[in-house]
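All remarks here apply to the structure that follows.
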Amino acid sequence: MTGRQAAVLVRTEGRAAYLTLNRPEALNALTHGMVRSLTEALARCEADPGIETIVLTGAGERGLCAGGDIRSIYDDLRSGQDASATAQFWKDEYRLNARIARCTKPYVAVMDGLVMGGGVGVSAHGSVRVVTERSRIAMPETGIGFVPDVGGCHLLAHAPGESGTHLALTGTPVGAADALLCGLADHFVPVGKLADFVADLSSAPVQEVLHRYTGREPDGLLADRREWIDRCYAAGSAEEIVERLTDSGRPEAKEAAELLLTKSPTAVKVALAAVRRARDLGSLERVLEQDYRISLRALASADLMEGIRAQVIDKDRSPNWSPPTLQDVRDETVARFFAPLGAHELSFAADHSTREATS
């Protein structure tokens, strides 16, 4: 897509293609059309021998991307239909996440400012992920009755110790240092040098440009909190995690427990299971297939619509979760989120066959 009003701007300069998410008034939240445009642009860039580097940025100064357009999900749920539009959006979005991860050219994601949910999906699976002192990266889905998706559980499952579990359950945003620690990013570039860094990618190889501009990130928080995070989040259940956090004697841990208890109890329990299962699933694509199962089941739950209402529509910040407590969420309820979808499954088998046939 091109043109001034396009939600994804695409331009080529020198050896680089620049893809810009262009909805600054909505913090560049992803629509279905944007997902399709990114997918098409990525395919063209990979096929063009004149393009050596692909660069993803966000319009405006507030952030790369605040996630998916959850207002459209709310409208889809309210329509009384089967929410098939949202299901297709997720299917295309998850395929895009996988395509970014297997991109054949350097994919430089500039993760400046706010990067949440779907924004993590279009950036943190890239081969070169750059953060700044303004970066605030989060998977906040449990706060709207949802579960970290877009392969977020794949990333968080491989964070040191239980850091990823902490971020998945609480939705806590992290800055540059903690994003680097958790494997959500690779390099730090100061905001003051960011424009020159991005511009120079048009005329020099990625690694050469990185060498010129990367620096030392400001100190983070998670490294000093690893002791209680690893101990508390290793518990066997969400209830025990809250108990350990509350009884740890650490003010930060108690705050984490209080924050966790404001989230959807069902989403918290499903997120805990999802992160732990992701450790065994191995590949990003297997985790995305799991994400799709969870996401479709979330469409049928009361908490997703209620969470979006409370956080985004009415903004009263007082969701009425159902059931209301962790103790009330049954094991069989959690298990249903992971049950096979039959004919509706997301599968990457055809994608692998296509790649093998053309390689």
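The values are calculated or read from the model by the stated rules, or taken from the named source; none is laboratory data. Because the structure is a prediction, the values reported are computed rather than measured. As a convention, Cβ positions derive from the backbone with ideal geometry for all residues, glycine included, and neighbour counts pool all protein chains shown. Protein only, heavy atoms only, side chains kept; ligands, DNA and RNA dropped before computing areas. Shrake-Rupley method; radii C 1.70, N 1.55, O 1.52, S 1.80 Å.
For residues that are part of a helix (DSSP H, G or I) and either closer than 18 Å to Val131 by Cβ or of a type in the set (A, V, I, L, M, F, W, C) (or both), tally how many sit in segment 207-223. Lay out the reasoning, then the answer.
Of the residues in segment 207-223, the ones part of a helix (DSSP H, G or I) are 207-213, 222-223.
Imposing the further condition that a residue be either closer than 18 Å to Val131 by Cβ or of a type in the set (A, V, I, L, M, F, W, C) (or both) reduces the set to 207, 209-213, 222-223.
Final tally of qualifying residues: 8.
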Say whether the condition of being touching a Cys at 6+ places or on another chain (Cβ under 8 Å), touching a residue at least 40 places away in the same chain (Cβ under 8 Å) and assigned to a helix (DSSP H, G or I) is met by at least one residue in segment 131-149.
-> no
List the number of the failed condition for Arg226; all other conditions in (1) buried (at least 19 other Cβ atoms within 10 Å of the Cβ); (2) of a type outside the set (Ser, Thr, Tyr); (3) in a helix (DSSP H, G or I) hold.
-> (1)
Counted residues, segment 316-359 - those being at pLDDT 95 or above and among the hydroxyl-bearing types (Ser, Thr, Tyr) | 4
Do we have Ala66 as touching a strand residue (DSSP E or B) at 6+ places or on another chain (Cβ under 6 Å), open to solvent by 20 Å² or more (accessible area, probe 1.4 Å) and among the small types (Gly, Ala, Ser) here?
-> yes
Quick one: Val108 ticks every box in (1) modelled with pLDDT of 95 or more; (2) in a helix (DSSP H, G or I); (3) over 15 Å from the mean Cα position of the chain (by Cα); (4) of a type in the set (A, V, I, L, M) bar one, so which box is it?
-> (2)
When (1) open to solvent by less than 10 Å² (accessible area, probe 1.4 Å); (2) in contact with a Leu (Cβ under 7 Å, 6 or more places away or on another chain); (3) part of a loop (DSSP other than H, G, I, E, B) are applied to Ala204, the one that fails is (2)
How many of the residues making up segment 280-336 are open to solvent by 40 Å² or more (accessible area, probe 1.4 Å), touching a residue at least 60 places away in the same chain (Cβ under 8 Å) and acidic (Asp, Glu)?
-> 1
Filter segment 297-350 for residues that are under 22 Å from the mean Cα position of the chain (by Cα), part of a helix (DSSP H, G or I) and not small (Gly, Ala, Ser) and give the result.
-> Arg297, Leu299, Asp303, Leu304, Met305, Glu306, Ile308, Arg309, Gln311, Val312, Ile313, Val334
Looking at (1) within 15 Å of the chain's Cα centre (by Cα); (2) surrounded by fewer than 16 Cβ atoms within 10 Å (Cβ to Cβ), which is the only condition Ala85 fails?
-> (1)
